[in-house]
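Read the figures in this text as sums done on the coordinates, not as results from a lab. Please read these numbers as outputs of a predicted model, since none were measured by experiment. We place every Cβ from the backbone using ideal geometry, glycine too, and count neighbours over all the protein chains shown.
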Amino acid sequence: MDTYFLLIWMLIFSAMCTGALALYGSRLIPGMKIALPYTLLMIAATGFACVHLLELLSETLQYKTLFHNLRFLFLPYIAILELWLILEYVRKPEWITKEWVLPALAIPVAATLLALTSPWHTLFRYNFSLVTTGSVSYLDYSESLFFHIYSGFSLALLIITYLILFNESSKTQTLFEKQTIILFAALLIPTVITYLFVLGITPVPGINMAAPLFWISAILFTIALFRYRFLDIIPAARSHLVDRMSLLMLVLDREGYIIDANPASYAFFSREPGTKGSWQIDDAAQNWPELLSFCREEESKKRELKKEDDGTIHYFNGTVDLLTNANRELDGRLILLQDITRERVTQNSLNEVDERYRLTINAVNDGIWDWDLRTGKTFFSPIYYTMLGYEPGEFEGSYESFLSLIHPEERKLIETEIERHIKTGDTYTLEFRARRRDGGYSWIQSRGTVVERDDEKKPVRVLGTHTDISTRKQSEEALRLANKKLQLLSSVTRHDILNQIMVIQGYLDFAGEENDNPIQTRYLGKVHDAAEVIEKQIAFTREYEQLGVKEPIWLLVQNLVEKLRSGDIAVACDCAGYSIYCDPMIEKVFYNLMDNTIRHAEGAATVTIGCTPLDTGLLISWQDDGPGIPDDEKEQIFMRGFGKNTGFGLFIIREILAITGITITETGVYGEGARFEIKVPRDGYRRESPSESLD
C-alpha cells in the first residue's frame, strides 16, 4: 500500500511541475518560436500524468481500461513534440516541411483513434484484464502488430531527435554545453524509463514509471530555464552564426584561458582550431598590449583598438562583456573584435578629400554653393559671403536668400531661367547684379549644373559657383563707350570722306566734259572708277563696324523669318519654338539670304526653312526652288567682292554668324535649287515650350 500512495503523490507532483512549466512557457509563445513546442510538450506530459493518476485511482476494469486508453491522447505525440523542440533549439526549423510532417502524424493519429476504440477491435491493445496480486493493481493486455509498429516509430523519432541534438549542439562548443547537457538529460530520462518498461524492466510490476518520474525532468527543465536561460538564449547552429561571422570571437575564463573561439579568431591569431583550453590570451596577444589590457577590463566596455603589424596599422572595434554566474561572480569574458581597417582608411581618405575641398574653396576666388532641392537648404562657402562684403554665415543658407540679393529688375528673369535650366538639366551661366552689404551692387556670374537625381530622374541637387565680374563689366562698359565714340568718329569721318569723293566725282565729270583728248579721257575714267571703288569700300565699313558691337542674345528663328514674308516668293518655315544665341545683326543674315534668292534665283517661287536637331547642335536649312549655284562657286560666293553687286552680302552673313560659332555652307544640287545649311553649336540653341515661344 505504501508503494501505491507513493506513486499517487509522485504523479500529482509530476503533473503540478509539468503544468507549471507549461503555464510559464505559454507566456513566452508570442515572442519565441521555441516556446510553442516546449509548451505543448509540457501539456502532453501533464495530460499523460493526469490520466495515469486517474487510472491508478480507478478500482474497476472498466474505468482502468478507459483511463489507460486516454493516455494515447498525449503519449503518441511526445516524440514528435520533442523533435520539433530540438529543431527549434538548434535553429533548424526549415527542416519542418509538409512533405514529412503529415506522414509523421499519420501513425500517432492512428494510434490515438485505435486506442480510444480498442473495446471494439483487436487492432491495438485488447484482452484487458485486472491484475491484483502485486502491491499495485494494474492492467494486463495483448498487443497487436500495429502497436509494435507505433512503438518502433516513436523510438525511431526519439533516436533521430537525440542525434540531431548531439550533432548540432556539439558545434557550439563550450558556449552552451551545460544548457544542452541538461536539456538532453531532461528529454532522455522519460524515454529510457519507457523503453525499459517495454522490455519488462520496472521497479513496480505493470507500472510505467516515466509519468511518476516526470518531476525529475521538470526539475532539469527548471534549472535549464532559470539558471541557463534555456528559452532566452538558444545556441544557434555555429555554421549559421559563429562559424560564419567575420568578427573575431573569444571566450575567456577567469584565468585568461581561451575556452571558445570562432574560425576567424583561429585564422587571425594563426592557431589550429580545437586548441581552446590550453591557449591563453597572453600568448595570443603578446605583441598586442592594448588588447591584453582590454581583456582584463573589470566592466563591460566598447573601445577602438589599434594594432601595428610590419608597418601596417589595423583598426578594430572591440567589445568586452563580463560573463557571470547566478551569484554574479565573474566566470569569464566574451571578447568581440570587428576589423574596421577598411572603413577607417576610407574615412581617413574622405577626411583628406574634405580638407582638400576646404582648401580649394578657400584658395579659389569664387563662391561655392550647393543647393538641395528636396529641403531647400543651400550651402554657401565663406567667399560667397565675403565677395559681397558680408560675414560668413551672416544670412541663412537658402534659395530664398540667394534670390533676395538679386537686383529687383533682374530677379524674376533669373528665377525663371534657373527653373528652366533645372527642368531641362542643362548647365547654365547667368549674369546679374547682387546687393552688397553696403547697399551697392556687384555684377555676379553664376554657373550651375544638376549633379544628383532621384530614382525617378528628377533633379534633387544643384552645384555651382559665383564669380565677381564687376571689374570685367566695368571694362566692358568702358569698351562699349570707347566703341560708341569710335563709331561716332568713324561715322563722321566716313561722311566727310564720302562728301569729298562726291566732290572728286563731280569735278571728274566736269573735266571729262571739257576734255577732248582721248588719252586724258581714258585716264579720267580710271580715276573715276577708283573713286567708285573707294566709295563702295567706305560704304562697306558702315556694315562691318556693327559686327560684335552688341551682346549676343536669344532670338526665335520663327520671329526672324516672319519679317521676310513679302514679295512674290512664298516662305514656309518649320522652326517653331527654336531659339538661337546670336548677334543681333542676325536679321541681316535672313534678309541677305532672301535678297540673294530674289536677285540670283531666277524663277524661284518658294523658300523652305527647316530646323533639325543633331547630336552636334541645330541644323537650319534655307532652300529655294531656283536654278541653284554651280559647284565651283559654292565657296567663292562667301568671299568678299564676289558677285554681280557689292559682293558684301554673303560675306557679311558668314561674319555675323561666326561671332557665336555658327557656320554656313551651300550644299544644294545645281539645277535643283540653292540650299544653305546653317549649323548652330549644341549649346547655342534651345527648344522652348509653346507658351514660352509666344512670349
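Under a 5 Å amide H cut-off, with hydrogens placed 1.01 Å from N, Cys573 pairs with Ile609 among residues at least 5 apart or on other chains. Evaluating kT/(6 pi eta Rh) at 25 °C and 0.890 mPa s, with the Kirkwood radius of the stretch 373-468 over Cα pairs in the Stokes-Einstein relation, gives 176 µm² s⁻¹.
Kirkwood analysis of the Cα pair distances in the stretch 27-68 returns a hydrodynamic radius of 11.8 Å.
Give Lys33/Lys301; Lys377/Lys412; Lys302/Lys377; Lys550/Lys588; Lys33/Lys302 a once-over and call out the pairs whose C-alpha atoms are over 26 Å from each other.
Working: Lys33/Lys301 31 Å; Lys377/Lys412 20 Å; Lys302/Lys377 36 Å; Lys550/Lys588 14 Å; Lys33/Lys302 31 Å.
Table pairs above 26 Å Cα-Cα are Lys33/Lys301; Lys302/Lys377; Lys33/Lys302.
With only Lys, Arg, Asp and Glu charged, each at its Cβ (+1 for the first two, -1 for the last two), find how big the charge dipole of the stretch 248-345 is about the Cα centre; round to the nearest 20 debye. Present the calculation step by step, with values, prior to reporting the outcome.
Working: 13 positive and 19 negative charges, 49 e Å.
Approximately 240 debye in magnitude.
Binning the C-alpha pair distances of the stretch 553-694 at 10 Å intervals from 0 yields a P(r) profile of 12, 44, 36, 8, 0 %, listed from the shortest bin outward. For the stretch 304-320, 3J(HN,Hα) computed residue by residue from phi via the Karplus equation (6.51, -1.76, 1.60; θ = phi - 60°) reads 7, 10, 10, 10, 9, 9, 6, x, 9, 9, 10, 10, 9, 8, x, 10, 10 Hz, glycine and proline entered as x. Given R0 = 60 Å, the distance between the Cβ atoms of Glu677 and Asn515 translates into a calculated FRET efficiency of 0.70. Rg and Dmax of the chain, both derived from C-alpha coordinates alone, stand at 51.0, 178 Å.
Within the same chain, aspartates and glutamates fewer than 8 places from Lys306 are excluded, and of the rest, those with a Cα less than 16 Å from its Cα are Glu290, Asp339, Glu343.
Across all C-alpha atoms in the stretch 248-345, the radius of gyration and Dmax reach 13.4, 46 Å. Between the amide H of Tyr441 and those of Arg436, distances stay under 5 Å, these residues lying 5 or more places away or on another chain, with hydrogens modeled in the peptide plane. Against the longest principal axis of the chain, how steep is helix 649-658, in degrees 0 to 90 to the nearest 10, with axes from Cα atoms? Between the helix axis and the principal axis of the chain, the angle is about 30 degrees.
Determine the calculated [θ] at 222 nm for the chain from helices alone, applying -39500 (n - 2.57) to every DSSP H run no shorter than 4 residues and normalising by the residue count; nearest 500 deg cm²/dmol.
Values: 21 runs with 328 residues, N = 695.
Using -39500 (n - 2.57) per qualifying helix, the result is -15500 deg cm²/dmol.
Averaging the Cα positions of each part gives two centres, and for the stretch 120-162 and the stretch 416-450 these lie 95 Å apart.
Within the chain, the longest run free of GluC sites (Glu not before Pro) that sit in a DSSP loop with at most 15 other Cβ atoms within 10 Å is 60-254. Against the chain, whose longest principal axis comes from its Cα atoms, helix 518-544 is set at around 30 degrees. For Lys64, a cut-off of 16 angstrom between C-alpha atoms picks up these aspartates and glutamates, skipping any fewer than 8 places away in its own chain: Glu55, Asp140. Computed on the stretch 2-226, the Cα convex hull volume stands at 126 Å³ per residue. Relative contact order for the stretch 550-622 using alpha-carbon pairs under 8 Å, separation at least 6, rounded to a whole percent? Once normalised by length, the contact order is 33 percent. Relative intensity of the stretch 88-139 on a log10 scale, I(q)/I(0) at q = 0.28 Å⁻¹, equals -1.02, per a Debye sum over C-alpha point scatterers of equal strength in the absence of solvent.
Can you give me the C-alpha center-to-center distance between the stretch 399-413 and the stretch 289-340, rounded to a whole angstrom? Here the two parts' Cα centres lie 58 Å apart. Based on alpha-carbon atoms, the Kirkwood radius and the radius of gyration of the stretch 1-103 give Rg/Rh equal to 1.08. No disulfide-compatible partner, judged by a Cβ distance under 4.7 Å, exists for the following cysteines of the chain: Cys17, Cys50, Cys295, Cys573, Cys582. Each Cα pair under 8 Å and six or more residues apart adds its separation to the average, and for the stretch 553-694 the resulting relative contact order is 28 percent.
Rounded to the nearest whole Hz, the Karplus-based 3J(HN,Hα) values (6.51 cos²θ - 1.76 cosθ + 1.60, θ = phi - 60°) of the stretch 52-57 follow the sequence 5, 4, 5, 5, 5, 6, with x at glycine and proline.
With everything on Cα atoms, drop me the angle between helix 75-89 and the longest principal axis of the chain, reported from 0 to 90° to the nearest 10. Here the helix axis deviates by roughly 40 degrees.
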